[in-house]
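Enquirer: Before we start, here is the structure in question, set down as structure tokens.
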Amino acid sequence: MTTFIGTPIQQTEYCVTRAEVKAFLRIDSSDEDAIIDSLIAAASLYVENFTNRTLLTTTKSKYLTHWHEPHGTRHRGMYYPYVPEGSLTVKSAIPLPYAPLQAVTGITYVAPDGDSYVLSTDVYEVVTHTMPGCIRLKHGQQYPHVRGDTDGIEIIYVAGYGTSDNVPDGIKTAIKLIVGNWYENREATSPLTMKEVPLGIECLLWQFRILEL
């Protein structure tokens, strides 16, 4: 099963604001606001990739070749059993990365005849209380046969904490600390590079990280 996540639209809002970061770093001047904005964007992306979470509400797409891998899948600490296409199952699940999952907008697939179809919600249910969330078959249902195109199955879903008020304070503090670190060490002659994040900040983020085992 080939899996990849569609690239979301470039974000314009983040869970920390320029004003919050400047107050945190005690920066009064507005001369480098553009630099601070770019660092907020980069730090937010770093945190999302490190924790395997989505911060603000974002629509994503997951593409599959087939419904399941040949021997099942272990994704971010959870095991999802293999179920042959066309067989009956109760809990064959497909994980949707970058939690928390809010909702699944729709699922489309390319059938063996080459036509695209929408998978009925009578076939699957959405599980949002796990990390990551997933879709799984309803009792007595089965996934339809597919042609096997690389992007033949598309799952469109919404992930994120919603607004910045719902993002954990620890994550927002980590973003501010990363911005401060990169802001102070952005010169080419600095012993640090912008790719490096101090261990203390990573330790702060580890409590939010969803592991892939």
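Enquirer: Report the calculated FRET efficiency for Ser30 and Thr58 (r = Cβ-Cβ distance, R0 = 41 Å), to the nearest 0.05.
Expert: 0.90
Enquirer: Quote the FRET efficiency, to the nearest 0.05, computed for Leu211 versus Thr12 with a Förster distance R0 of 35 Å and r equal to the Cβ-Cβ distance.
Expert: Step by step, r from the Cβ atoms, then E = 0.70.
Enquirer: Given a cut-off of 16 Å, what percent of all Cα-Cα pairs of region 98-148 lie beyond it?
Expert: Result: 48 percent of Cα pairs exceed 16 Å.
Enquirer: Let me ask something else. How large is ³J(HN,Hα), in whole Hz, for each residue of region 151-166 in order, when computed from phi with the Karplus curve 6.51 cos²θ - 1.76 cosθ + 1.60 and θ = phi - 60°, using x for Gly and Pro?
Expert: Going residue by residue, I get 10, x, 10, 10, 10, 9, 9, 10, 10, x, 7, x, 9, 4, 4, 8 Hz, with x marking Gly and Pro.
Enquirer: Further question: Of Glu48, Glu196, how do they rank once you tally other Cβ atoms within 10 Å and put the fewest first?
Expert: Ordered from fewest to most neighbouring Cβ atoms within 10 Å, Glu48, Glu196 come out as Glu196, Glu48.
Enquirer: Right, here's the next one. If each of Lys138 and Glu196 carries a label point 7 Å out from its Cα toward its Cβ, how far apart are those two points in nm?
Expert: 5.5 nm
Enquirer: Can you check what the net charge comes to around Thr58, using other residues whose Cβ is under 12 Å from the Cβ of Thr58 (Lys, Arg +1; Asp, Glu -1)?
Expert: Its environment carries a net charge of 0.
Taken together, the values in this text are just the output of simple stated rules run on the coordinates, not laboratory data. For clarity, every value in this text was computed on a predicted model and none was experimentally measured. All Cβ positions, even for glycine, are placed from backbone atoms using ideal geometry, and neighbour counts span all protein chains on display.
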